[in-house]
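Heads up: the structure comes next, in structure tokens.
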Amino acid sequence: MYEFLVNEEQMRVLTTNLLLFAVGLIVIADRPMRCYQCNSANDANCDSSDAKDLNQYTKLCPLLKDGTYAGNKPIACRKIVQSVEELPAQIIRECAYTGDKQLDGIRKQGNKAVKLLYYHCENVNGDIPCNGTQQITTRYLSLILLFVIIIAIVHPKYQ
């Protein structure tokens, strides 16, 4: 069986790192949400998967002013792919105020051959909207770094 001996200095460093990591996650989670907000019917390159093309559509998500969910903060970014019969698909990118935070292509059928695919995602990489392309986020990199630090602290080779 493995014995993990951690001296007082290592425990202090580990505790400090964990606290800094937790504060970092809180700061990231409390930032105003930004999403790509555009419609391919009106906005050039809204249907692109290239972040360079989509950057011009990055906007802060405001609190809702009207309706049932008035005053709500956004919970996620949304991408909708709308198809109507043989017409080209339309891409709508917007802030999401209701629904699941993570949706991956939920299909909804409308009237007269209208098909909608809904995608929701949470921004975890600061000001970079998630309703564009997939990317490795800062939060995941931070978790990997924390894991490596913990292993380095408790591994016998470093004691």
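Listing for the model above:
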quantity	calculated
Only listed residue being of a type outside the set (Gly, Ala, Ser), more than 17 Å from the chain's Cα centre (by Cα) and not in a loop (DSSP other than H, G, I, E, B), chosen from 79, 59, 115	115
Residues being at pLDDT 80 or above and exposed (fewer than 12 other Cβ atoms within 10 Å of the Cβ) - total across region 99-120	1
Residue 72 being surrounded by 12 or more Cβ atoms within 10 Å (Cβ to Cβ), of a type outside the set (Asp, Glu) and either at pLDDT below 90 or not in a loop (DSSP other than H, G, I, E, B) (or both)	yes
Lone qualifier among 40, 83 - being surrounded by 17 or more Cβ atoms within 10 Å (Cβ to Cβ), at pLDDT 90 or above and of a type in the set (Ser, Thr, Tyr)	40
Condition met for residue 96 (among the small types (Gly, Ala, Ser) and surrounded by 16 or more Cβ atoms within 10 Å (Cβ to Cβ))	yes
Only one of 42, 123 that is free of Cβ contacts under 8 Å to residues at least 12 places away in the same chain and of a type in the set (S, T, N, Q)	42
Residues of region 60-103 satisfying the condition of being of a type in the set (S, T, N, Q) and without any contact (Cβ under 8 Å) to a residue 24 or more places away in the chain	68
Region 121-149, subset assigned to a loop (DSSP other than H, G, I, E, B) and β-branched (Val, Ile, Thr), residue modelled with the highest pLDDT	128
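The values are calculated or read from the model by the stated rules, or taken from the named source; none is laboratory data. The structure presented is a predicted model; accordingly, all values stated were derived computationally and were not measured. When we count neighbours, we look across all protein chains shown, and the Cβ atoms used for this are built from the backbone with ideal geometry, even at glycine.
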